[in-house]
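Working notes, structure below.
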Amino acid sequence: MPFHQITSLSNASLNVYPNNSLTKFIHQLPLPIEFDQTQHHTIELKSISLDFKLENKEKSVSFIKIHLEELDPRLSSQDGDGQCLARIPFSIAVKPKKQEAEEEESEEEEEEEEDFFKLSDWWEAVHPIAIPLTHISRLDKLSYFITDENNQQLELKTGVSTVINVLICEMKYQDHFTITLNPSVSKDSFTRNVNNNFYTSFPSEINLGSGWEVALHSVIVPYGIHVEPKYAVTYSAGDTVETAEWLIADYSDADLFFELNSKIQEWGMVFYYDYDEDEQNERVFLRSASDDHPTQPCTLKMNDALYEFFGHKGDRGVFRFTGDWLDIGQTLQTKSSSQIHAENRVDHLVLYCDILADSIMGNRVCPLLDILSCDSIGLTKRHESTLYNAPNLTFRPVAKEIFSTIHVMIHTLDGSPAPISCQTQNISTTLYFRQNKSIINT
């Protein structure tokens, strides 16, 4: 058979595997599946139903992973995810709302239900990911392991049964596949990979042929990664280039001015604040830190947030200093840091992908993949991981039929690189490829 629809129950094989639990169980198939070795096969999660109480209500769980031990662990580019069949946002699994009838029950009964979580009816994968089943000629069991986002087993107290529906089919019937990209995957080859600009390379060339299109399927933002506007100043003199940054939310106006002075003093300059009583005008000047040792010719370039902080009206915060006093701003009080923080808040991100055909976005022509809200993908949350599944896939034509690398860039709407913090954790993006038969047949 080219297709096998299987429903696995966590309590179905207790006679063979008595240690089966709601989150770690083996389903012994009543009839083994023999695979045609001349064909490639895939497995995908179609739906799942969970019914349980959490052991630890205080533990934060952002999304659930469904692992399958029969998968090849080498398939994933992320450590610990090689046997991950699917990821499910935990916000879907939580059902905190009580029915009106329940609100009329006693307080004791209500307290008992506070830690009750249920995956409402069935969670169905709108765009399931097909995972290859490699090096398997015969399948007689399916071994499931359900964890949190950190690959720790989900700790449950009670529950009836976990029900998982999967589909196994021959790959020749598949007209779609997925690729997960991550800055850390090809770090050895692309040492400058960062979260807003990275390449992923593949062991061999991918030859699609014509008629393929791709959409953003999902994004995983680990704990600790967030977008937050910064003050930034870059010093350049000859071959020397140095940059200093400060998070806007962490500094008052006075603190920022102190930090700036400390930093640029290392570069041989200081800021000088002056108030003209006659003209009732306050100004900021840049001068040498020592009159005896004039600063060498250099340039200070401020980002927009710092430019606005000084209220400068010149060349977009670029200051070329030769040692003389340089008037750089009208007032330190033009805008407070809180105003600048609000105006520089990053609400949306633009994802570009180099294998796509160019499309029009505003006044630019670019290989646009998608535009995402920072809130929806969790980049405004500092203290939890987020799994974002695109509710509607926006497919765009693939321009490169043959490729061995994929380049992803993440920018703000104004075209500047997204200010994504944290280089110890990496954002993962999954692309969903499909064959557009209407294009092939034309």
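Just to confirm my numbers, what's the Cα centroid distance between the stretch 1-32 and the stretch 214-276 in Å?
Their Cα centres are 55 Å away from one another.
Going highest first, how would you order 350-359, 386-395 by mean Cβ packing within 10 Å?
Averaged packing, sorted descending, gives the order 350-359, 386-395.
Cβ neighbours within 10 Å, averaged per peptide: list 195-206, 235-246 in order, most packed at the top.
Top to bottom by mean Cβ count within 10 Å: 195-206, 235-246.
Of the listed pairs Lys24/Lys187; Lys187/Lys263; Lys24/Lys46; Lys263/Lys301, which have alpha-carbon separations greater than 22 Å here?
From Lys24/Lys187; Lys187/Lys263; Lys24/Lys46; Lys263/Lys301, over 22 Å: Lys24/Lys187; Lys187/Lys263.
Could you list which residues have their amide H under 5 Å from that of Ser359, counting only those 5 or more apart in sequence or on another chain, with H placed in the peptide plane?
Excluding prolines and chain starts, which carry no amide H, the hits are Cys366, Leu368.
Divide the volume of the convex hull of the Cα atoms of the stretch 204-267 by its number of residues and quote the answer in cubic angstrom per residue. Intermediate results must be reported in sequence, preceding the final value.
On the way: hull volume 14.4 nm³, N = 64.
Considering the Cα atoms of the stretch 204-267, their hull volume per residue is 225 Å³.
Roughly how large, in nm² to one decimal, is the mean projection of the convex hull of the alpha-carbon atoms in the stretch 164-222?
6.6 nm²
In nm, to one decimal, how far is the modelled label at Ser262 from the one at Asn15, with both set 7 Å along Cα→Cβ?
With each label placed 7 Å out from Cα toward Cβ, I get 7.2 nm.
Every number in this text was worked out from the coordinates using simple rules, so none of it is lab data. Just so you know, these numbers come straight off a predicted model, no measurement behind them. A quick note on method: Cβ atoms are made from the backbone with ideal geometry, for glycine too, and the neighbour counts reach across all protein chains shown.
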